[in-house]
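S.K.: Sharing a structure here in structure tokens format.
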Amino acid sequence: SLSSTGAQSCASCHAADNHHAAPDTRSVPAGAEPGHEAGRQAPSLQYLRYNTAFAFAADGTPTGGFTWDGRAATLADQASGPLLNPNEMANTSAEDVVAKLRRSSNAAEFQQVFGNDIFDRPADAFARLRFALQQYQLEDPDFAPFSSKFDQWLEGKAQLTAAELRGYTLFNDPSKGNCAACHVSVGNNGNPPLFTDNTYDVLGVPRNPDIQANADPGYYDLGLCGPVRTDLTSRTDLCGAFRVPTLRNVAKTAPYFHNGAIKTLTDAVRFYVRRDTNPEEWYPTDTNGVVQKFNDLPAAYRRNVNTTEVPYNRKPGDSPALSEAEIADVVAFLNTLTDGYTP
């Protein structure tokens, strides 16, 4: 009821029965208006309550923030984005959203909580709407259940299989998967592991031709340095950087990466370890047969791509950091991060 056509809600892209992630495997969600689509893949909203506002750490590392480019400082800020995005819920203004809320079945309860005159103050009503959406995500235990097989294993209530244990070891091994370098696998502040450090990385994910905006060969989604985020456009060293998401429930939230270019979890792991050893598997070739590596970045920004950390520190002809059997083991481990496990 809060979208321009009544055809899209928050749950259209963040379905509760799929860990508050997209309910389908589209690269990016369709918008409320026919012919429109969101520009990025819809990630899970779970475990975001432990995130913080965007900031640069003491060593200059960009950290925190909500959305793929961290431009929202809070969950309330994040909530207002889709409501006003012409390619998502497509309202024309905050007043437009409030007018829809006033006509909705939630109006009486909204007034009970925030005051009978709240709709006479549209700016305040919109702020309270955003606040309510934020508090739902902060307070409802469904957004951070910690109910996976991995969690039960940590508590001594479940046993991992041999393949899952091998995958866990490879995930953490700095000379193999090295996944834990960004997807931190140890707990913090009394919480079980969140499998993210909430930093940003430039991975050079392939361009996705399924995204409408990419029909324009001059269009590039550069993450931290634009075009959606506008305050860091001068930081060309950050072009192509996107937030490291949690890997909790990753087995259920395909497709992967900000542009949904990789469709399966196995291929997502395979991309990490074969991107540099076998680039022809991921990128197109030009008319001369030359692989166009990192083709979703302008040539000037391809130097930003992470090519120094394991498993990216390889070149064509080298052996990938993980074999196919080891990739399968890592995927087996990642499947243990799905919430709702019943022994």
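S.K.: Taking 0.36 nm per residue of separation and subtracting the Cα-Cα distance, what length does fully extending residue 328 through residue 235 add?
M.R.: 29.7 nm
S.K.: Something else now. Note the count of lysine pairs whose C-alpha atoms are less than 20 angstrom apart in the chain, limited to pairs 8 or more residues apart or on different chains. Don't jump to the answer; show the numbers that get you there.
M.R.: Details: 149/157; 149/252; 176/315; 252/263; 263/293; 293/315.
Within the chain, the lysine pair count is 6.
S.K.: Within the range 93-173, list the trypsin sites (Lys or Arg not before Pro) lying in a DSSP loop whose Cβ has at most 14 other Cβ atoms in a 10 Å radius.
M.R.: Hits after loop and neighbour filter: 157.
S.K.: From the P(r) of the range 288-335, can you give the percent of Cα pairs sitting at distances over 14 Å?
M.R.: Looking at the range 288-335, the distances longer than 14 Å represent 68 percent of pairs.
S.K.: Per residue, what accessible area does the range 196-343 have, given a 1.4 Å probe and all protein chains present, in Å²?
M.R.: Details: 6290 Å² over 148 residues.
Result: 43 Å² of accessible area for each residue.
S.K.: If a/c stays under 1.5 just call it rounded; otherwise compare a/b with b/c (prolate if a/b is bigger, oblate if not). Do that for the range 223-309, with a ≥ b ≥ c from the square roots of the Cα gyration tensor eigenvalues.
M.R.: oblate
S.K.: Would you kindly compute the Cα radius of gyration of the range 86-138 and its largest Cα-Cα separation (Dmax), both in Å?
M.R.: Rg, Dmax (Cα atoms, Å): 11.0, 33.
S.K.: Kirkwood-based Rg over Rh for the range 1-102 (C-alpha set), two decimals?
M.R.: 1.01
S.K.: Next up: In Å, what Rg and Dmax follow from the Cα atoms of the range 39-197?
M.R.: Gyration radius and largest Cα-Cα distance of the range 39-197: 20.2, 62 Å.
S.K.: Next up: Between the range 211-253 and the range 1-66, how far is it from one alpha carbon centroid to the other, in angstrom?
M.R.: Here the answer is 13 Å between Cα centres.
S.K.: For residue 37, what residues show an amide H to amide H distance below 5 Å, using hydrogens built from the backbone and excluding near sequence neighbours?
M.R.: 31
S.K.: Within the chain, what's the longest stretch lacking GluC sites (Glu not before Pro) that sit in DSSP loops with no more than 16 other Cβ atoms inside 10 Å?
M.R.: No qualifying site falls inside 1-154, the longest such stretch.
S.K.: Could you tally the net charge around residue 232, taking each other residue with its Cβ under 11 Å from the Cβ of residue 232, Lys/Arg +1 and Asp/Glu -1?
M.R.: Value of the local net charge: 0.
S.K.: Using θ = phi - 60° and the Karplus form 6.51 cos²θ - 1.76 cosθ + 1.60, what ³J(HN,Hα) does each residue of the range 24-35 get, whole Hz, x for Gly and Pro?
M.R.: Taking θ as phi minus 60°, the curve returns 9, 10, 4, 4, 9, x, 6, x, 5, 7, x, x Hz for the range 24-35.
S.K.: Based on the alpha-carbon gyration tensor of the range 128-249, what equivalent-ellipsoid semi-axes (square roots of 5 times the eigenvalues) come out, in whole Å, largest first?
M.R.: Working through the eigenvalues yields semi-axes of 32, 22, 14 Å.
S.K.: Sticking with this one: Can you tell me the Rg and the Dmax, both Å, for the Cα atoms in the range 183-239?
M.R.: Cα radius of gyration and Dmax of the range 183-239 are 15.7, 47 Å respectively.
S.K.: Taking amide hydrogens as modeled 1.01 Å from N in the peptide plane, which residues meet the under 5 Å criterion relative to residue 72, leaving out close sequence neighbours?
M.R.: For residue 72, the qualifying residues are 66.
S.K.: To continue, here is another question. Once phi is turned into θ = phi - 60°, what whole-Hz ³J(HN,Hα) does the Karplus curve with 6.51, -1.76 and 1.60 give for every residue of the range 184-190, x standing for Gly and Pro?
M.R.: Going residue by residue, I get 4, 9, 10, x, 8, 6, x Hz, with x marking Gly and Pro.
S.K.: In addition: Obtain the radius of gyration and the Kirkwood radius of the range 115-186 from its C-alpha atoms and give Rg over Rh.
M.R.: 1.32
S.K.: Something else about it: Could you state how much accessible area residue 285 has, in square angstrom rounded to the nearest 10, with a 1.4 Å probe and all protein chains kept in place?
M.R.: Using a 1.4 Å probe on the heavy atoms, I get roughly 80 Å².
S.K.: Sort 44, 9 from largest to smallest accessible area, using a 1.4 Å probe on the heavy atoms of the protein chains. Show your work: numbers first, answer last.
M.R.: Details: 44 20, 9 50 Å².
The ranking, largest first, comes out as 9, 44.
S.K.: In whole Hz, with x marking every Gly and Pro, tabulate ³J(HN,Hα) for the range 154-166 from phi via Karplus 6.51 cos²θ - 1.76 cosθ + 1.60, θ = phi - 60°.
M.R.: Karplus values, whole Hz, x for Gly and Pro: 4, 8, x, 9, 8, 10, 7, 6, 4, 5, 5, 5, 4.
The values are calculated or read from the model by the stated rules, or taken from the named source; none is laboratory data. Fair warning: this is a prediction, and the values are worked out from it, not measured in the lab. Note that each Cβ is placed from the backbone with ideal geometry, even for glycine, and that neighbours are counted across all protein chains shown. For the accessible areas, the whole protein counts, side chains as well, though only heavy atoms, and no ligand, DNA or RNA atoms are used. Shrake-Rupley method; radii C 1.70, N 1.55, O 1.52, S 1.80 Å.
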